[in-house]
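**Student:** If you scroll down you'll find the structure; I have some questions about it.
All of the numbers you see were taken from the coordinates with simple rules; none came from a lab. Just so it is clear, the structure is predicted and the values come from calculations on it, not from any experiment. Because the Cβ atoms are built from the backbone with ideal geometry, glycine has one as well, and the counts that use them run over all protein chains shown.
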Amino acid sequence: MIVDIKLLQKSLGYEFVDTKLITEALTHKSFKKNYDNERLEFLGDAVLDLIVGEYLYKKFSKSDEGNLSKIRASLVNETGFDKLARYLNLGNYILLSNAEENNGGREKSSLLSNAFEAIMGAIYLEAGLKVVNDIAIDLIEKNHKEISLSSLFSDFKTLLQEITQARFGTTPDYIVVASRGPDHQKEFEVAVLIEDKEYARAVGKSKKIAQQEAAKTALKALKGDSSE
């Protein structure tokens, strides 16, 4: 499924002069071209880290480094970028192999997040920091009604530990059950176990992200158990 990228450019509020750049940004490695979006993703990740860091530095003039780092970590991650990618309907535009598409590639958080980073990297290369800054911050503000430590940063691992200690008298165990991808683009699958029973699994670009997502899912499972 390939949709006219003019719709995507309209959503971004930016029209590429070099259409090869946006094509590369939308090309997943499974598409088997002599290029893919991994290099642009690498660049976009660094650019977004800087943009969001500066934005938070100016927005929260009285916050210390620790809180600023936590807020940035809540925005600059797979979950945050997946949310922005879905807002742009990026899944409709990514160039995938038939096998990856049949495997649900257009709905994979990691794939959508990577494509978003690549798009931002491509805009940075063509138009510079000011333009990509305005686009990225506009998207972030549209998709977050409130940007603050309390509204964005949820330490699901700590919350799960508190609940399991109270209910079971024990703490959760996090097990890495799989890791995939090259060293520069690893994905980790983590399972969370409570009293040797698996409650949830999640995948993330780091073990920490995967653990937080697994804990979040486990909390929902425990809530369901308690309501029965």
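**Student:** What percentage of all Cα-Cα pairs in the chain are separated by more than 20 Å?
**Tutor:** Every Cα pair in the chain considered, those over 20 Å come to 63 percent.
**Student:** List, in the order given, every pair from K130/K157; K20/K58; K32/K108; K32/K220 whose Cα-Cα distance in the structure shown is over 29 Å.
**Tutor:** Listed pairs above 29 Å: K130/K157; K20/K58; K32/K220.
**Student:** Another question about this same structure. Using only the alpha carbons of segment 156-226, determine the length spanned along each of the three principal axes and report them from longest to shortest in whole angstroms.
**Tutor:** Here the spans come out as 40, 18, 18 Å, largest first.
**Student:** For L112, what charge total do you get from the other residues with a beta carbon under 11 Å from its beta carbon, if Lys and Arg give +1 and Asp and Glu give -1?
**Tutor:** Once all neighbours under 11 Å are counted, the net charge is 0.
**Student:** Quick check for you: which residues of segment 185-228 have the amide N under 13 Å from the point 7 Å beyond the Cα of D173 toward its beta carbon?
**Tutor:** Within reach of a label on D173, which here means backbone N under 13 Å from a point 7 Å along Cα→Cβ, segment 185-228 contributes 191-199.
**Student:** Quick one: compute the contact order of segment 14-120, relative version, from alpha carbon pairs under 8 angstrom and 6+ residues apart, as a percent. Kindly include the intermediate steps, with their values, before the conclusion.
**Tutor:** Numbers: 123 pairs, mean separation 42.9, N = 107.
Relative contact order comes out at 40 percent.
**Student:** What percent do you get for the relative contact order of segment 56-205 when only Cα pairs under 8 Å and 6+ apart count?
**Tutor:** Once divided by the residue count of segment 56-205, the mean separation gives 17 percent.
**Student:** How far apart, in nm, are the 7 Å Cα→Cβ label points at I137 and E107?
**Tutor:** 3.6
**Student:** Which value in deg cm²/dmol, rounded to the nearest 500, describes the helix-derived mean residue ellipticity at 222 nm for the chain, given -39,500 (n - 2.57) per DSSP H run of n ≥ 4 and division by the residue count?
**Tutor:** Numbers: 11 runs with 134 residues, N = 228.
Computed mean residue ellipticity for the chain: -18500 deg cm²/dmol.
**Student:** Another question, then. If you take every residue apart from G91 with its C-beta less than 9 Å away from the C-beta of G91, what net charge results, scoring Lys and Arg +1 and Asp and Glu -1?
**Tutor:** Value of the local net charge: +2.
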